[in-house]
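Quick notes on the structure that follows.
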């Protein structure tokens, strides 16, 4: 199977479905990780204010390094951070990229996410979904014969409609690997995100301390996913014998898998 995981920023997929991505790769699936932006604004160092290309280069290298850990291909549409809009040009770029890789499954965030870059990334995917199969749309790139399944990764947003857990993937056996993926994004997990949260002073300076600092966040999120999906977990597994999970909602905009296909679509 071929899986495209499309996020707005270089570290989005690692946070939201890194464990599942590891399981896809271990199963033998081909994984393509996409960042719509180059991440050139997510920092506070003075040098990056004057030279955002330096930050972009650093973040692209971090993203490539993380993808290589699981044998995934990394792609970017190279949009400047904070500047994702649904335009004709970017819509067509997204269509061509998806057609290039011809995925069976696309994973992204829901279009109700808090970040505009995230929302518009999802909207770009939804806008091209049907058009992927239309031969005269972007006719320079061969159209798809079959629509991919589109899935959203878990979130807490309830303002429009709460997340619905159609699929739950236990990740206890790959949680350390997920932490490894995020360790590659040091500009974010040890610099920008703690700074933005007002907790930069609490970041340890040594590697072991930093890993423990990051592990608390990653494991806390994965445990929150499991707790929020308890009713669905009972339907799928009976009693849950795992602590950590990632969860996914199947979008109505993509191909609709029947229950039997859905069971085999995700690595459980």
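Any read-out appearing in this document is the output of simple, stated calculations on the displayed coordinates, not a laboratory observation. A quick note: this is a predicted structure, and the numbers were derived from the prediction, not measured. Note that we place each Cβ from the backbone using ideal geometry, even for glycine, and neighbour counts take in every protein chain shown.
Quick look at the numbers
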quantity: Percentage, to the nearest whole number, of Cα pairs in the chain over 32 Å apart; calculated: 20 percent
quantity: Paramagnetic label zone (point 7 Å from Cα along Cα-to-C-beta, residue 115; backbone N under 12 Å) in the range 12-48; calculated: 12-16, 35-43
quantity: For the range 68-220, alpha-carbon Rg relative to the globular expectation (2.2 N^0.38 Å, N residues); calculated: 1.23
quantity: Percent of C-alpha pairs per 10 Å bin, the range 20-102, short to long; calculated: 17, 39, 33, 11, 0
quantity: Beta bridges by DSSP in the chain, antiparallel share as percent, to the nearest 5; calculated: 30 percent
quantity: Spatial separation of Cα centroids for the range 146-200 and the range 1-55, in angstrom; calculated: 11 Å
quantity: Over the range 158-252 - Rg/Rh using Cα atoms and the Kirkwood inverse-distance radius; calculated: 1.05
quantity: Among 39-47, 254-262, the order from most to least packed when residues are scored by Cβ within 10 Å on average; calculated: 39-47, 254-262
quantity: Ordering of 160-167, 175-182, 119-126, 218-225 by packing [mean C-beta count within 10 Å, highest first]; calculated: 119-126, 175-182, 218-225, 160-167
